[in-house]
Structure formats: structure tokens, C-alpha cells
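The values are calculated or read from the model by the stated rules, or taken from the named source; none is laboratory data. Keep in mind it's a predicted model, so treat the numbers as computed, not measured. Positions of Cβ are generated from backbone atoms using ideal geometry, with glycine treated the same way; all protein chains shown enter the neighbour counts. Side chains are part of the model used for accessible areas, which takes the heavy atoms of the whole protein and leaves out ligands, DNA and RNA. Shrake-Rupley method; radii C 1.70, N 1.55, O 1.52, S 1.80 Å.
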Amino acid sequence: MDRYELFYWPGLPGRGEFVRLAFEDAGVPYVDYAKIAPEDGGGVPALQKILAEGRPRPFAPPVLRHGDTLVAHTASILEYLGPRLGLAPDDDARRRAAHQLQLTIADFVLEVHDTHHPIGSALYYEEQREEAKRRAESFRAHRAPKFLGHFERVLEDAGGEHAIGVHSYADLSLFQVMVGLRYAFPRAMARLERDHPRLVALAAAVERRPRIAAYLASDRRAPFNESGLVRRYPELDD
Ligand SMILES: N[C@@H](CCC(=O)N[C@@H](CS)C(=O)NCC(=O)O)C(=O)O
């Protein structure tokens, strides 16, 4: 059997975490090059090599390699892994629903990132602090409630418990969105969570899943920090 290999930036959960959660929940082994030292063939050099030599050429991580197959983009990786890890339903319609939701999550994740980097990723946060304040204010007032409201209704449509009616990678990703938002915007989330009981219940249920609970307690789970996709700057919160 070909092994699963994940390439991502070391030292931050980022978008790689959506993929890690799928492997961890399924209990399927994977090679995580972000957790391997450069001198042992991992880290940034391994990532740079796959970005340069991988085909089809990936633009940015996360990147998954599985034998001769290479997949980039978080949603595409999860679409590929879902059926293989038992984290996608059997029917086409619900697989498409999971992928559609994952793409919406990708849109949201980018907006979360843009709260601290509204002008450009090539600039430091400190160089765009004022714009970040305006962007985060609008995010907290409009975009976060709109996306969270959408996810809440998706749960409601599917019976309340799971995003697409059965446990899937989409549930794991919604969990990661919730914990990321709680890290970045603890005050805003204390307010917003009151209006999204199904999302809160889903996040709690995912957190209780035995393999996820073990993973979260392990040193494999990288903490959020201020060099990542999701950052905590108190001046950007309520
Ligand atoms: N749509 C892609 C976005 C990938 C992405 O933006 N990756 C970030 C790290 S989380 C990156 O390294 N981007 C480099 C760049 O945009 O120049 C996905 O969902 O995986």
C-alpha cells in the first residue's frame, strides 16, 4: 500500500491541520514532513522540493502525495481522502455536498487570514495594523455571522448533528474553524456562539471523538500562534 505523505509549513497548524484531522480521526498513518527535521529529509526543504518538482505543479501547501498521485488545495485533498479514509458518504450527491461545503470553508478561512493581512501577505502585520482593525471590525460584524449562520443552516438542513447527515471530513473542518475562531477572536466568539448552537454542539462532539481527543492531547497537535493563518491580536477582537 502506498503511504500518505503531507507537505506543509512547519510550526503552525494552518491549512495543513484540516488534512491532519482527517488522518487522525481515521487512525490512518501518514508522513507529516512538517514534523520531520530538515536533516532527516523534512521541514521547509522537503516542502520546497515538492513545490518545485511535484506534478501537477502545486502552487502552495498543503500538498498530499500518495504513490504517483499528487493533490494540492485543502478541499481537493479532502475530496481525495474522504472515501479512502471512510470520511465521505457513499453517494455522489452527498460527496459533492461535502466538497461544496469544504470550498465554502476555504473561502471563509481566507477571510479569517485577511483580518490580520488585509493589504498583503508579503507585509508584516505591523505594517497593516490600521487596515487590519477596519477589516476585522467588518469581519466580526458581517462576514463571520454570515458564514457561521450559513454553516448553522447547513447543519439544520442535514438533521442537526452532521454537516452532510453522516460524519465526514466536513465535520472535522468545521471543528477546526470553530477552534481557530475561538483562538483569534475569543470575545467575538463568546457573543457569536450564542446564535449557533448546532455548530457549538458539533465542535464539542468532534472534540470528544476518541482519536481526535488523543490527537489534541498529543504533541503532534501544533498550537495556534502569531505566525500562522489564524492569529490572536486582541486589538482585532470585539
Ligand atoms: N486554496 C489553497 C490555498 C493554499 C495556501 O494559500 N497556502 C498557504 C499556506 S496556508 C501558502 O503557503 N501560500 C503561499 C502563497 O500564497 O504565496 C488551499 O486551500 O489549500
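Assorted remarks:
- Gyration tensor verdict on the range 1-65 (Cα atoms; rounded if a/c is under 1.5, prolate if a/b is larger than b/c, oblate otherwise): rounded
- Rounded to the nearest 20 debye, the dipole size of the chain about its Cα centre is 140 debye, using +1 on the Cβ of Lys and Arg and -1 on the Cβ of Asp and Glu.
- Along the axis of the charge dipole computed for the range 142-209 (Cβ charges of +1 for Lys and Arg, -1 for Asp and Glu, origin at the Cα centre), the listed residues M178, M189, A158 are led at the positive end by M189.
- Accessible surface of the chain [probe 1.4 Å, protein heavy atoms]: carbon and sulfur percent: 52 percent
- Note on E161/R194: beta-carbon distance plugged into 1/(1 + (r/R0)^6) with R0 of 25 Å gives a FRET efficiency of 0.80.
- Euclidean distance of C-alpha centroids, the range 103-182 and the range 1-77, integer Å: 23 Å
- Taking amide H atoms as placed 1.01 Å from N in the peptide plane, the amide H of G42 lies under 5 Å from those of A37, each 5 or more residues away in sequence or on another chain.
- Whole-Hz couplings from phi, Karplus 6.51/-1.76/1.60, listed for the range 210-223; x for Gly and Pro: x, 6, 5, 4, 5, 5, 4, 7, 8, 7, 6, 7, 6, x
- P(r) tail, the chain: Cα-Cα pairs separated by more than 25 Å, 42% of all pairs.
- Its Cα centre serving as origin, the range 1-81 has a Cβ charge dipole (Lys and Arg +1, Asp and Glu -1) of approximately 240 debye.
- Exposure ranking of E152, E130 by accessible area [1.4 Å probe, largest first]: E130, E152
- The region of the chain that goes longest without hitting one of the trypsin sites (Lys or Arg not before Pro) in a DSSP loop, each with at most 14 other Cβ atoms within 10 Å, is 4-219.
- Springs join every pair of Cα atoms under 10 Å in this Gaussian network model of the chain, and among G82, G27, G180 the largest mean-square fluctuation is at G27.
- Shape of the range 74-187, Cα gyration tensor, a/c cut at 1.5: prolate
- Per residue, the solvent-accessible area of the chain (1.4 Å probe, heavy atoms of protein chains only, all protein chains present) comes to 49 Å².
- Less than 5 angstrom separates the built amide H of Y4 from those of V31, all sequence-distant by 5 or more or on a different chain.
- Taken one residue at a time, the phi angles of the range 96-108 give Karplus couplings (6.51, -1.76, 1.60, θ = phi - 60°) of 5, 5, 5, 5, 4, 5, 5, 5, 5, 4, 4, 4, 5 Hz. Gly and Pro are set to x.
- Net +/- balance of residues flanking A158 in space, Cβ distance below 12 Å, scoring K and R +1, D and E -1: -2
- Extension gain for A204 to S76 (0.36 nm times residue separation, less C-alpha to C-alpha distance): 43.5 nm.
- Computed magnitude of the charge dipole of the range 122-238 (debye, nearest 20; Cβ of K, R +1, Cβ of D, E -1): 160 debye
- By definition, a body whose alpha carbon gyration tensor gives a ≥ b ≥ c is prolate when a/c is 1.5 or more and a/b is larger than b/c, and the range 123-207 fits this prolate description.
- Helix-derived mean residue ellipticity, 222 nm - over the chain, DSSP H n ≥ 4, -39500 (n - 2.57), to 500: -16500 deg cm²/dmol
- When the chain is treated as a Gaussian network with alpha carbon springs shorter than 10 Å, the biggest mean-square fluctuation among V28, V154, V71 belongs to V28.
- Phi-based couplings in Hz for the range 14-27 (Karplus 6.51, -1.76, 1.60; Gly and Pro marked x): x, 6, x, 5, 4, 6, 4, 4, 5, 4, 5, 5, 7, x
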